[in-house]
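Note sheet for the following structure.
The values are calculated or read from the model by the stated rules, or taken from the named source; none is laboratory data. Remember, predicted model here, so these are calculated numbers, not experimental data. Here the Cβ is made from the backbone with ideal geometry for all residues, glycine too, and neighbour counts use every protein chain on show.
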Amino acid sequence: MSLRRLPPLFAACMFLVLAVGLTGCTRETAAEHAANVYAAQELAAAPPHGNIPDYSLSPSDLAKAQHLSTVHETLHFGNEAWEILSLLLLLSFGAIARMRNTAVSVSGNRWAQGYVFLLLYLLASTILSLPIDLYAQHLSLQYGLSVQSWPSWFGDQAKAFALAWIIGGLLLMLLFWIIRKLPRGWWFAFWCVSIPIVLFGIFVAPYIEPIFFKYQPLQQTNPALVAQLEQVVEKGHMNIPPERMFLMQASAKLTTLNADVEGFGASKRVVVWDTTIAKMTPDEIVLVFGHESGHYVLGHIGSTVVFTFAILFVTFYLGFVFVRAALRRFGIRWGISSQNDWAALAVLLLAFSLFGILLEPVESAYSRMHEHAADVYGQEAVHGLVADPQATAVGAFNALGKTSFADPNPSPLYEFWTYSHPSIGRRAAFGKAYNPWIPGMEPKYFKK
Ligand SMILES: [Zn+2]
């Protein structure tokens with residue numbers, strides 16, 4: 001079958017694969033089911049945005065959490081809508097076409113044209129999104145979630161801008177080269193080359209992040225903790241040597257807690273924020289590490305990569321269809337002659353923004369599935385290492401939620417659409433009830 005004949009059915013099949021992937025991987029044990037039922041009941045009995053028994057905030061913190069939840073919800077969807085509207089405005093008022101004209105007039109060299117066009121486009125989109133970004137940072141400072149000075153914040157924005165320009169420029173040159181060579185099949189060809197590019201991106205991410213935060217070997221700063229964490233490592237028959245454990249100096253800019261797994265192959269590592277170490281008990285840190293090592297052991301980086309390629313496949317195909325249809329309809333009005341035109345990039349980005357919103361709940365559900373699995377793994381992994389895994393889980397989720405004023409019971413739609421993790425309230429209630437070691441129950445990942 002030739003590329004041009006690839007039917008829309010093909011894209012529909014990928015949607016189906018995604019849907020089956022989402023439902024098929026969630027084999028639920030009896031202990032897990034019981035704890036999920038308990039969490040659902042606790043949430044159902046609590047008022048929206050109100051405290052739930054296993055994750056409760058003081059009245060003043062609850063008021064902050066409610067306000068932040070409402071603002072974040074508005075900012076999130078407002079930002080997505082603004083992204084689309086601002087692209088439409090730039091196209092309609094001919095701003096994108098003028099950027100192309102400037103780029104083409106600067107030089108006959110395609111590399112110079114591509115980089116000038118991208119620079120102008122990034123400048124425009126940064127200025128247009130600046131009010132929302134400034135307000136979000138102001139809010140973080142006001143609520144004490146961030147302690148970063150404005151000069152340092154602007155410095156980070158500048159670094160992110162430079163990275164987007166340099167790396168984005170290379171991708172732009174590659175994309176337009178492929179579009180010229182394969183006018184009808186470029187979406188498929190670009191998807192194929194995106195596979196090694198994404199893998200390389202995940203591989204180098206741990207080497208790029210030190211541009212924004214300082215990292216140190218955890219062994220250097222917290223040797224006693226490393227010894228404790230190695231117990232979790234041994235229990236899971238993992239191979240995470242102490243050299244793969246890092247401390248991130250988050251406290252220079254943030255007050256919130258976190259830990260994650262980063263990288264791929266030789267760059268794969270576990271990163272714990274120093275704020276987590278400062279604000280959690282040793283048992284709670286071990287539990288958080290248990291969760292992170294769950295991502296590592298359960299192969300979440302690998303399966304997320306596969307999932308991302310399925311999402312990209314759908315996005316590139318729909319992007320291809322959208323660009324052709326939009327240029328046929330509005331090309332003359334926008335001053336864009338063909339998909340070879342640098343200005344067509346804005347139309348493709350418009351398509352990515354539109355389909356990104358529609359795919360967001362699919363991505364969120366996929367991520368929540370992994371996060372839940374890691375919660376189950378973490379709580380099982382610390383069994384026998386901490387005195388009371390259930391109480392430790394409740395303590396850890398309370399610490400996590402209180403430092404970020406997390407809404408105990410967010411609106412179900414917002415949670416479904418955007419949350420990469422189950423809500424803190426749901427996780428705390430699940431952790432309190434999850435005990436697979438009692439008679440009649442089976443652990444999911446560690447045999448009794
Ligand atoms: Zn996680």
Inset, instruction - Under 6 Å between Cβ atoms, at least 6 apart or on separate chains: pull out the pairs that start in the stretch 412-428 with a residue that is within 15 Å of residue 36 (Cβ to Cβ) and end on any residue that is away from the ligand (no atom under 14 Å from the Cβ) and outside any loop (DSSP other than H, G, I, E, B). - result: 423/415; 425/52; 425/55; 426/39; 428/55; 428/394
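Go through the stretch 262-304 and report how many residues are among the small types (Gly, Ala, Ser), more than 12 Å from the ligand (Cβ to nearest atom) and more than 18 Å from residue 216 (Cβ to Cβ). Step through it out loud before you land on a result.
Residues of the stretch 262-304 among the small types (Gly, Ala, Ser): 263, 265-267, 278, 290, 293-294, 299, 302-303.
Adding the requirement that they be more than 12 Å from the ligand (Cβ to nearest atom) leaves 263, 265-267, 278, 299, 302-303.
If we keep only those that are more than 18 Å from residue 216 (Cβ to Cβ) as well, we get 265-266, 299, 302-303.
Count: 5.
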Legend entry - Residue check for residue 326: part of a helix (DSSP H, G or I) and touching a residue at least 60 places away in the same chain (Cβ under 8 Å): no
Inset, instruction - Residues being buried (at least 21 other Cβ atoms within 10 Å of the Cβ) and in a helix (DSSP H, G or I): count how many of those fall in the stretch 329-349. - result: 5
Inset, instruction - Please state which of the following conditions residue 374 fails to meet, knowing it meets all the rest: (1) away from the ligand (no atom under 15 Å from the Cβ); (2) in contact (Cβ under 8 Å) with a residue 60 or more places away in the chain; (3) under 19 Å from residue 307 (Cβ atoms). - result: (1)
Inset, instruction - Go through the stretch 377-402 residue by residue and tally those that are in contact with a helix residue (DSSP H, G or I) (Cβ under 6 Å, 6 or more places away or on another chain) and away from the ligand (no atom under 16 Å from the Cβ). - result: 8
Inset, instruction - Keeping to the stretch 416-433, report how many residues are crowded, with 18+ Cβ neighbours inside 10 Å and more than 16 Å from the ligand (Cβ to nearest atom). - result: 4
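Within the stretch 221-240, identify whether any single residue is of a type in the set (Gly, Ala, Ser), at pLDDT below 90 and within 26 Å of residue 399 (Cβ to Cβ), and answer yes or no. First the steps, then the outcome.
Just the residues of the stretch 221-240 that are of a type in the set (Gly, Ala, Ser), to begin with: 224, 227, 236.
Narrowing further to those that are at pLDDT below 90: 236.
Pick out the ones that are also within 26 Å of residue 399 (Cβ to Cβ) and you get 236.
Within the stretch 221-240, one or more residues are of a type in the set (Gly, Ala, Ser), at pLDDT below 90 and within 26 Å of residue 399 (Cβ to Cβ).
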Inset, instruction - Considering every residue within the stretch 224-235, establish whether at least one is within 15 Å of the ligand (Cβ to nearest atom), under 26 Å from residue 447 (Cα atoms) and either part of a helix (DSSP H, G or I) or in contact (Cβ under 8 Å) with a residue 60 or more places away in the chain (or both). - result: yes
Inset, instruction - Would you tally the residues in the stretch 145-196 being farther than 19 Å from residue 130 by Cα and outside any helix (DSSP H, G or I)? - result: 6
Inset, instruction - Give the stretch 253-307 a look and list any residue that's closer than 17 Å to residue 392 by Cα, touching a residue at least 40 places away in the same chain (Cβ under 8 Å), outside any helix (DSSP H, G or I) and among the hydrophobic types (A, V, I, L, M, F, W, C), or say none. - result: 257, 280
